[in-house]
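The values are calculated or read from the model by the stated rules, or taken from the named source; none is laboratory data. These figures come from a predicted structure and were not determined experimentally. Positions of Cβ are generated from backbone atoms using ideal geometry, with glycine treated the same way; all protein chains shown enter the neighbour counts.
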Amino acid sequence: MAKFSLPFQSQFERVGAAWQSLSLRERRMLALMAAAAVLFVVALGLTSVRKSIAARESAIAYKTETLQRVGVLANGYREAEVARQRIESRIKGTPVRLFTYLEDLAKKENIELGDMQDRGSDAAGEGITRSTVEVSFARIDLKSLTGFLNAIEKSQQLVKVEKLRVRGRSDDSNTLDANVTVSTYSLSKG
C-alpha cells in the first residue's frame, strides 16, 4: 500500500518534535499563549460584529425617524391642500358685494354703520383680486365692535378684517371711535 503524503506534513512533524522537546512548564506557557491569542481573535471578531450591529441599528433608527418625518409632512401637506381647496372653492363662488354685506351684517348685529369708503381693488396674487372697503364707527361700545368683527371673521363668505384702528373717546369712556378695513377676494376677470 502506498503512503499518503499530507501537505505541510514535514512542518507538522517538526512542530511535534519541538513540542516533545519542551518541558511541561514551557508547554503550559505556550498553551496559555495560544489560548490568549484565540481569545484575542474572538474578542476582535465580537467587537467587529457588535460595531456592525450598532451601525445597522443606528441606520435603521435614522431611517425610521426619517419615515416618521415624511409621514408628518405628508399629513401637513394633506391638511394644507384641503385648506387650499376650501379657500379656492370660496373664491370661485359669487363675489361678495362688500357694501351690501356689511350693511346687512350691521343690521343683524344692531349696529349703526358710519361712513363707508371704497378703497378700490388690487391684485392679491396670480389671478386673484382683493376688494377693500373702510368702515368707520362713531360712539360704538367694545362689545358691539368685537361682535361685529367676529361675525365678519366667522362668516362663510370670504371676507377678512385687514386693519382695525380704535380711539377712545374723551366725552364717554364706555364708547370708542373705530375704523375697520375689510377685504374680500375673488377671481380676476380676463
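Test residue 113 against the criterion of being in the same structural domain as residue 173 (by TED's automatic domain parsing), part of a helix (DSSP H, G or I) and closer than 26 Å to residue 156 by Cβ, and give yes or no.
No.
Here is a yes/no grid of residues against (1) of a type in the set (Ser, Thr, Tyr); (2) within 57 Å of the chain's Cα centre (by Cα); (3) at pLDDT 95 or above:
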{"site": "13", "(1), (2), (3)": "no, no, no"}
{"site": "18", "(1), (2), (3)": "no, no, no"}
{"site": "33", "(1), (2), (3)": "no, no, no"}
{"site": "48", "(1), (2), (3)": "yes, yes, no"}
{"site": "93", "(1), (2), (3)": "no, yes, no"}
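Which ones in the stretch 129-159 are surrounded by 15 or more Cβ atoms within 10 Å (Cβ to Cβ) and part of a strand (DSSP E or B)?
129, 130, 131, 132, 133, 134, 135, 136, 137, 140, 159 - these are the residues of the stretch 129-159 that are surrounded by 15 or more Cβ atoms within 10 Å (Cβ to Cβ) and part of a strand (DSSP E or B).
With 28, 69 as the choices, which residue is over 25 Å from the mean Cα position of the chain (by Cα) and among the charged types (D, E, K, R)?
Only one candidate qualifies: 28.
Can you tell which of 75, 110 is without any contact (Cβ under 8 Å) to a residue 40 or more places away in the chain and touching a Ser or Thr at 6+ places or on another chain (Cβ under 8 Å)?
Sole residue among the options that is without any contact (Cβ under 8 Å) to a residue 40 or more places away in the chain and touching a Ser or Thr at 6+ places or on another chain (Cβ under 8 Å): 110.
Looking only at the stretch 119-154, which residues are within 15 Å of residue 102 (Cα to Cα), touching a residue at least 12 places away in the same chain (Cβ under 8 Å) and of a type in the set (Ser, Thr, Tyr)?
Hits for the stretch 119-154 are 131, 132, 136, 144.
Do you know which residues across the stretch 82-107 are touching a strand residue (DSSP E or B) at 6+ places or on another chain (Cβ under 7 Å) and either free of Cβ contacts under 8 Å to residues at least 24 places away in the same chain or part of a loop (DSSP other than H, G, I, E, B) (or both)?
Residues satisfying the conditions are 95, 96.
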